[in-house]
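What follows is one structure encoded as structure tokens, with my remarks underneath.
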Amino acid sequence: MLVIMRHGASDEQIQTVISFIKKKGFDTHVSHGELHTVIGAVGGKVIDPRDIELLDGVKEVIKITSSYKLASRIFQPQDTVIEVNGVKFGGEYCGVIAGPCTIESLEQMEETAKQLSQKGVKILRGGAFKPRTSPYAFQGLGEEGLKIIRDVADKYGMAVTSEVMEISQIPMFMKYVDILQVGARNMQNFNLLRELGYINKPVIIKRGLSATFEELLMAAEYVMSGGNRQIILCERGIRTFEKTTRNTLDLCAIPVIKKLSHLPIIIDPSHGTGLRDKVAPMSRAAVAAGCDGLIIEVHYDPDTALCDGAQSLYPDQFGELYSDLKKIAPIVGKKIDNEQTVEV
């Protein structure tokens, strides 16, 4: 349930309500809005809402019927905006993340990061641990890969995002990575999600191959229940009967999620289509639909890539797309990377 405090409720009144709720066995989560403070009460025993409504400073008590509470738009009406290295995701902002699928070598990351930096990109992506369907495919460089991407990103003033695979890797990732990613195959790895709730860094959660929107929001709820509110949701395509593209990119996720949740939602058109010539049109469509960001695969020489070269853009292609996105965003009231100027 949600306890809505009156406008101007004192800190003492808020703390009294929190103490009362905790004594009833509930976990509390506080959201300070522009007009009202909202106290989320999760768990606990059955309680008569009138017992809370009679407390000083309480405006009303609302029962939440959805299975996700903290991720709900009811709990927090205003959009969550997450900022990393000057790039914002959520609200009126649309951030861009770019880089290769996999960290292959220092030379590969150096050249790709150099060209992306020249185009204005401030967040670099790259996988150090790769969950591959085949056990014989390239699995990534591990911690050495994280060291490479961190060193290269620091050189060009960029932040880093990479996919964490299991709980034991979290301390390692905290040393090198600014945004931790949970991949589609791990979206319902609830032990991992719970542990990510205890860190103080943003987490990108990608929608599972066959996951519903509710299941995606429940994955976010696992992280948020641990105290970490810095969640970015990611639509990366779902598995359908269609075989022409790698996945079916579900852009309906943008308006649906934005109605249900205050969390930012970004789009991965690279995995969503699996084909280089489809990435740009789907990126433009995503921004037109009001997404809060894009994560795009770019490789300085995708024809030689060890992983997903067919869905990776050349830097010049990305530059042209980036310019297009900056023209589309204002039409839907968005700013791409805070309206940075970009040389193409």
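Read the figures in this text as sums done on the coordinates, not as results from a lab. In this text, all values refer to a predicted model and were calculated from it rather than measured experimentally. Here the Cβ is made from the backbone with ideal geometry for all residues, glycine too, and neighbour counts use every protein chain on show.
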- Report, to the nearest 10°, how far helix 143-155 tilts away from the longest principal axis of the Cα atoms in the chain, using its own Cα long axis and a range of 0 to 90°. 90 degrees
- Query: Going by average Cβ neighbours within 10 Å, how do the peptides 23-29, 238-244, 250-256 rank, with the highest at the top?
  - Reply: 250-256, 23-29, 238-244
- Query: Peptides 112-125, 307-320: what's the order by average Cβ count within 10 Å, highest mean first?
  - Reply: 112-125, 307-320
- Please give the FRET efficiency for D303 paired with E144, using the beta carbon to beta carbon distance and R0 = 30 Å, rounded to the nearest 0.05. 0.80
- Please work out the FRET efficiency for the pair T245 and N200, using the Cβ-Cβ distance as r and a Förster radius of 35 Å; give the result to the nearest 0.05. 0.40
- Item | FRET E, pair A289, S19, Förster distance 35 Å, beta-carbon r, rounded to 0.05 | 0.20
- Item | Net charge dipole size for region 2-62 [Lys, Arg +1 and Asp, Glu -1 on Cβ; Debye, nearest 20] | 220 debye
- Query: Between R6 and D154, how many nm apart are label points set 7 Å from Cα along the C-beta direction?
  - Reply: 5.4 nm
- Provide Rg and Dmax in Å for region 188-285, with only Cα atoms included in the calculation. 13.9, 41
- Note on the structure: Amide H contacts under 5 Å for S162, restricted to residues at least 5 apart in sequence or on another chain and with H modeled in the peptide plane, are I179, Q181
- Query: Which peptide among 199-205, 299-305 comes first, and what is the full order, when sorted by highest mean count of other Cβ atoms within 10 Å?
  - Reply: 199-205, 299-305
- Message: Tell me the angle of helix 11-23 to the major Cα principal axis of the chain, expressed in degrees between 0 and 90 and rounded to the nearest ten.
- Response: 90 degrees
- What number, in percent, do you get for the relative contact order of region 82-339 if the mean sequence gap of Cα pairs under 8 Å and at least 6 apart is divided by its residue count? 21 percent
- For region 2-62, what does the equivalent ellipsoid look like in terms of its semi-axes, each the square root of 5 times an eigenvalue of the Cα gyration tensor, given largest first in whole Å? 17, 12, 10
- Item | Normalised per residue, the volume of the convex hull around the Cα set of region 1-143 (Å³) | 184 Å³
- For helix 106-118, what angle does its Cα long axis make with the longest principal axis of the chain, in degrees from 0 to 90 and rounded to 10? 70 degrees
- Item | Label-point gap, in nm, between I331 and V30 - each point 7 angstrom along Cα→Cβ | 4.5 nm
- Work out the length of the dipole vector of region 82-339 about its Cα centre, built from +1 on the beta-carbon of each Lys and Arg and -1 on the beta-carbon of each Asp and Glu, and round it to the nearest 20 debye. 540 debye
- For the residue pair V256 and K59, what label-to-label distance in nm results when each label sits 7 Å from Cα along the Cα-to-beta-carbon direction? 3.1 nm
